[in-house]
Each structure stands twice: as structure tokens, then as C-alpha cells.
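The values are calculated or read from the model by the stated rules, or taken from the named source; none is laboratory data. Source: prediction; values computed, not measured. Glycine also receives a Cβ, built like all others from the backbone with ideal geometry; neighbour counts cover every protein chain displayed.
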Amino acid sequence: MNLTYIILIPLIPLLVFLLLGIFNQKIKPAVSGYIGVAGLSISTILSFYTAYKYFFKLGKVNGTYQALFAKTTWMNFTETLTIDMGVLIDPISVMMLIVVSVVSLMVHIYSRGYMKGDDGYTKFFAFLGLFSFSMFGLVLATNLFQIYIFWELVGVSSYLLIGYYYTKPSAVSAAKKAFIVTRFADLGFLIGILIVGYYTGTFNFLNLNNPEGPAILNWASTSFMGLSALTWALILIFIGGAGKSAMFPLHIWLPDAMEGPTPVSALIHAATMVVAGVYLVARLFPMYYFIEDGFALNIVAFVGAFSALFAAIIAVTQTDIKRVLAFSTMSQLGYMMLALGVSGYDGHDGVGYMASMFHLFTHAMFKALLFLGAGSVIHAVHSNLITDMGGLRKYMPITNITFLIAALAIAGVPPFAGFWSKDEILVAAFEHNKLIYAVGVFVAGLTAFYMFRLYFGIFWGKETTYKHAPHESPLSMTFPLMVLALLSIVGGFIPFSEFVSADGAGFEAHLNYPLAAVAVGVGLIGIALAWILYKNENSLSERFARGFGVFYKWTYNKFYFDEIYLFVTKKILFKGVSSPAAWFDRNVVDATMNLIGNSTVSASNKIKGLQSGKVQDYAFAFISGVVVIAIVFIYLWTD
């Protein structure tokens, strides 16, 4: 399989970024939108072509899908320890090419309508091109350092997009918050990379993930505090992934990131930036599974399960529709992490790995649809609050139907896409950890409840009197909704387990009817409860909220984690550490340097007369010197 053309997939969005960025003032806004869409269309076509050739033309070799790569050495440290730049094609990178290209293309098309008339229209499409380039580079990376380079480029791109409305203080703060929080997490990622390189002698994914290779066979060569060095490295790498995927407790940037334009929310929080952490763990899955009996993988499982539950509880109480979807994203990412955490490696035992990637695939479609549907609503009513909405099904029929499809998909109602992937996650959890399974089932019920609370609140509920009658969005916005709705319906019927598996061999997955019945039943209970409380205007929802008392208040305020971080930052770090350090710097370090400088200046002022430049002064000094020498000579001679 010839891989040379694949480099065009990331390079075309980069070219779009450079073209729109350099000629920002010369290109007409309407033209820039077409350039952005055309560029992503080509990358999408090439991504589908790559998937077709890899899965159906090349197929399995000796019963497994083989990893293909093309690379060039950039930096050479030892014979094996090099930093390469290239492309790696295997089942999960091909799957991610489809996910990133489809969602990014739909966002580009949608943005032509949503951002119409914006002063920074061309700049916005340039930023989208940079983000798409960064994500394509990340998923095609052949080694840890290459993925880290594009990992940071994704961070820069998200900073630019979240803070797109740079005259809006809340948007600037949100961009800085996302950038700073993920930087702390990425420090752990970088340290983990360095440890892996030092103890294994390679950054290459194929070498690191080889079950018979030295990285996995010799993991116990060095230990620290009871754990091997490579286990510590994997935990640190997971911290980087947890920051990007907004896992607890590094989740605080995600809700604030909603300050960016809604298409940005769909792009960042559906299929691209936030799933990078899940993809990273999946990319190194053999190391996580085999090293020290999967100790680091257990951490992934429990952090994912807690994050899924934590975010789902918060989502139940939020009134900003984009923040509901943000916490929903965090919860679903937790689902993906816990699925990886409870997975085996060989055959059907690796159902958790497959389920995680399957849910990443289906979630990308229906979550992008939910965000873009929310954007369509915001575009119509000019508000993000559920309390300012209601009865919109009469005015926005396409948005209503497509949003309902997405809600049914994420709620796990058959036969929509989310049902199939979520069922496989619960099967994996049930087979490996009953506690995590119970959390997963409960979260499934909460998901169905808060999604239909959102749906009924927007499209049913109280008949709001609008100043201007809402209207359906233009075709440039509704077309992506219809495409994503179709994918949210049929996406679950893809025989995903035959293409993507932990060992590359694939297997035939079967529906577990008892477990599926439990999950669907819990989901239907959640939908029914939302129907009773929110479909029609009543006081039940307020009484329901009051019934939880202080817990509801804590949940509504996101358990005050932002306040806790501010307290730790301002009161402890700034006042307790930074202020004393600043005082020491000013009064000791700077004062010492100033004293040295002032003493030098004072001494120079006193002796600078010796270099006055006046001949008579020099003559006086010369004669004085001669006299003094003569006196000393006479004194010594007479003695």
C-alpha cells in the first residue's frame, strides 16, 4: 500500500491555514469559507480512500491487520532512540482519520452559515485549518515525540479558537484557563515520554507496543516506590491524556471552553481535541495492559468511571445548554476511559478496547450533532439558557428532529448508534469489574435523563414568547445536521469489532441481551422521568430540585471546584509561595545586586579624577610620584 499520498491529508488543511492567514485582508469572506470547505473535502475523500484501501484492499495478513508506516529521521540520539516524522497507518489511526475528517468537514460547512457576517470570518476558517492539521498530525504520528509535538499544536489551536472573541473577557479567560490547565497535565506527559525513552531506548510506537519486544519484556528492570519506572511513565502519560480529555480533577477547563463559537465547541468537544487523551491510551494499550499486570490500566479504569459519574451528576442541574453538553462530553469520555481500563488483550477478551474505540466513533457523530443543533437554537433565539427557550419544535422542525435523534443515540436507545457502542462498554465492565459496571449503568440512566431534560426544555416545555419569531437555520447549517443524524442512526450497524481490536485480529461481537435490556430499561426510566418533569410546564421540576436541598446547590455550582482551584492558586500558591519568593527576590537578590552596583558607581566617582584628561593633573601626579620615590630612595640610602 503506497503511503505517500497520505501526507496530503494533514498538509492540505495546513495550506488552507497559511493561505487564509497570510492573505486574510485580501480574500473575500465568502471565498475563504469555500476554500476551507474545499480543503477539508479533499482531506475527507483521501481519508475514506485510505480506509477503503487499508481494510478492504490490503486486508488482514496472517489473520491480523498490519501496521504500515513511512518515516524520516529528524533527530538521532542513539541507534534506536530517534525522533522520526512520518505517518502510521493501523486500524485506530484509520478510524480516527474518518472521525476527524467527517466532523471537521461538517463543522466547516456549518460555519459558513453560523459565522456569516462575523468580522473575523476568514481568520476563523484559518484557525479551523490549523486545528484540523494538528489533529491529523496527531493521529498519524509514528512515535511519542511526534504525537507530543502535534499534541501541543492542538493546544495552541484550541487556545486560538476558544478565545476567538478576544474582546470578550470571559472568552479570553476561558482560553487561558484551558491552555494553562492542559499545560500542567502536559508536563506529566513530557516527563513520561522522557522516562520511556531513557529506559526502553525508543519512542517508536511499533517497538513500544510489541508484546515480545524489550519495552514490555524488561519492564521490571528499574523500580521506584514499589512500582516500575515504566509504570510511573505510563501514569504520567495518562495525566497528559486526562488533561486533554478533561478527566477529574483536570476537568475544570472544559465548561469554560464553551465561550468559543458553537462550531468550535462541536469540533473540540465532539471528536477531536478531547478524545486525544483516549486515543493516546489506546495507542499505548499493549504497554498499559502488559506492564506490571496492568496497574496503570486500573488507574485509567477508576478515573474514567468516577469522571463519568461526576460529570453526569453535574450535567443534570446545568441550565446553559452548551455546558450541559460539555459535562456530557466529559461523562462519555469517562465511559471510553473505563472501557479501556477494563479491557483484556486477546480476542473477545479485548471487547473493552474495541468498545472504547467504537464509542469514540459513534459519540463523535451524535455529540457533534448535539452541539451543532444547540448552535442552531442559539442562532435562532440568541441565548444559551434553557429558561429562554421552549416550544421551538414548531419553528425549527429540522433542528428538532435531528436533535431528538442525537438525544436518543446518546441515551442508548436501540437501534441508534450509541446503543451498540455503550452496550459493548457495559459488557466489558460486567465481565471484569462489577462495581464499574454498576456505575456505568447508573450513568446511562443519568445520561438519558439530562439529555431529555435538555430536549424537552428546548423544543417542548413552556411556550416562550419570543421578541422575534424564531426560524429554521439556513441549509448550510441544517445540511450537516441531517448528515450527522443519518450517521447517528446507521453508525452502530458497522461490524466495528471485525476492524478494530486490541490485538489487530478482530472478532465477532454479539449482543448480550440481558445486559442490553438492563441498560435500555434504565435509559427509558431516565427518559420517562424527564418526560414527566419537563415535557409540559409544571412545578414538579422545582419541587424535585428542592428535594435534594444542599446537594442540588453543590451540584449546580459544580461542587465548587473552580473556587477550590482559585483558593489554592491565590491564597496558597500566590500568597504563601509566590509573594514570599517575590519579597526575597526584591529585597535580597535584587538588593544584593543593587548594592554591588551602587558600590561600584561610588568607587568609580571617587577615583575617576585620576582619568580627568588634563595635562597639568597628569604632570602634577608624575612629579609627585617622582618626589615620593626620591624621598623613599634617599631614606633607604641613608640607612
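Listed values, structure above:
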{"item": "Hey, Ile35 touching a helix residue (DSSP H, G or I) at 6+ places or on another chain (Cβ under 8 Å), surrounded by 17 or more Cβ atoms within 10 Å (Cβ to Cβ), modelled with pLDDT under 90 and assigned by TED's automatic domain parsing to the domain that holds Leu194 or not", "result": "no"}
{"item": "In the range 374-383, the residues that are more than 21 Å from the chain's Cα centre (by Cα) and either touching a residue at least 60 places away in the same chain (Cβ under 8 Å) or buried (at least 24 other Cβ atoms within 10 Å of the Cβ) (or both)", "result": "Ser376, Val377, Ile378, His379, Ala380, Val381"}
{"item": "Whichever residue in the range 392-412 is among the polar types (S, T, N, Q) and surrounded by 24 or more Cβ atoms within 10 Å (Cβ to Cβ) and, among such residues, is farthest from Tyr466 (Cα to Cα)", "result": "Thr402"}
{"item": "Index of the failed condition, Ser612 passing every other in (1) in contact with a Phe, Trp or Tyr (Cβ under 9 Å, 6 or more places away or on another chain); (2) modelled with pLDDT of 85 or more", "result": "(2)"}
{"item": "Filter result for Asp256 (charged (D, E, K, R), modelled with pLDDT of 90 or more and within 28 Å of Phe124 (Cβ to Cβ))", "result": "no"}
{"item": "Odd one out for Ser32 among (1) in contact with a Phe, Trp or Tyr (Cβ under 8 Å, 6 or more places away or on another chain); (2) of a type in the set (S, T, N, Q); (3) within 25 Å of Leu360 (Cβ to Cβ)", "result": "(3)"}
{"item": "Subset tally (residues that are touching a helix residue (DSSP H, G or I) at 6+ places or on another chain (Cβ under 9 Å) and either acidic (Asp, Glu) or not in a helix (DSSP H, G or I) (or both)) for the range 579-613", "result": "1"}
{"item": "Options Leu325, Leu333, Leu234: the member that is farther than 30 Å from Ala545 by Cβ, touching a helix residue (DSSP H, G or I) at 6+ places or on another chain (Cβ under 7 Å), surrounded by 24 or more Cβ atoms within 10 Å (Cβ to Cβ) and of a type outside the set (D, E, K, R)", "result": "Leu234"}
{"item": "The range 1-44, residues that are under 21 Å from Ser93 (Cβ atoms) and polar (S, T, N, Q)", "result": "Asn2, Thr4, Ser41, Ser43, Thr44"}
{"item": "Of all residues making up the range 212-266, the number that are assigned to a loop (DSSP other than H, G, I, E, B), more than 12 Å from the chain's Cα centre (by Cα) and touching a residue at least 40 places away in the same chain (Cβ under 8 Å)", "result": "5"}
{"item": "For Ser488: the one exception among (1) touching a Phe, Trp or Tyr at 6+ places or on another chain (Cβ under 6 Å); (2) of a type in the set (Ser, Thr, Tyr); (3) surrounded by fewer than 18 Cβ atoms within 10 Å (Cβ to Cβ)", "result": "(3)"}
{"item": "Qualifying residue in the range 75-89 (condition: part of a helix (DSSP H, G or I) and either at pLDDT below 90 or surrounded by fewer than 21 Cβ atoms within 10 Å (Cβ to Cβ) (or both))", "result": "no"}
{"item": "Boolean, Tyr52 is within 20 Å of Gly504 (Cα to Cα), part of a helix (DSSP H, G or I) and modelled with pLDDT of 85 or more", "result": "yes"}
{"item": "Only listed residue being touching a Pro at 6+ places or on another chain (Cβ under 6 Å), farther than 29 Å from Ile162 by Cβ and touching a residue at least 24 places away in the same chain (Cβ under 8 Å), chosen from Tyr65, Tyr114", "result": "Tyr65"}
{"item": "Flag if Thr262 is β-branched (Val, Ile, Thr) and over 23 Å from Ala448 (Cα atoms)", "result": "no"}
{"item": "Residue in the range 504-515 that is buried (at least 16 other Cβ atoms within 10 Å of the Cβ), touching a strand residue (DSSP E or B) at 6+ places or on another chain (Cβ under 9 Å) and in the same structural domain as Leu340 (by TED's automatic domain parsing) present", "result": "yes"}
{"item": "Any hit, the range 116-130, residues being assigned to a helix (DSSP H, G or I) and under 25 Å from Ala282 (Cα atoms)", "result": "yes"}
{"item": "Selected residue (only one of Ala517, Ala509 is under 30 Å from Tyr353 (Cβ atoms), among the hydrophobic types (A, V, I, L, M, F, W, C) and touching a helix residue (DSSP H, G or I) at 6+ places or on another chain (Cβ under 8 Å))", "result": "Ala509"}
{"item": "Residue within the range 569-581 that is surrounded by 10 or more Cβ atoms within 10 Å (Cβ to Cβ) and touching a residue at least 60 places away in the same chain (Cβ under 8 Å) present", "result": "no"}
{"item": "Residue in the range 584-609 that is nearest to the chain's Cα centre (by Cα), counting only those that are at pLDDT below 85 and not small (Gly, Ala, Ser)", "result": "Asn605"}
{"item": "Residue within the range 291-308 that is part of a helix (DSSP H, G or I), buried (at least 24 other Cβ atoms within 10 Å of the Cβ) and under 13 Å from the mean Cα position of the chain (by Cα) present", "result": "no"}
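Residue-by-condition table, conditions (1) among the basic types (Lys, Arg); (2) under 16 Å from the mean Cα position of the chain (by Cα):
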residue: Thr122; (1), (2): no, no
residue: Gly129; (1), (2): no, no
residue: Phe133; (1), (2): no, yes
residue: Gly137; (1), (2): no, yes
residue: Ile162; (1), (2): no, yes
residue: Ser170; (1), (2): no, no
residue: Lys176; (1), (2): yes, yes
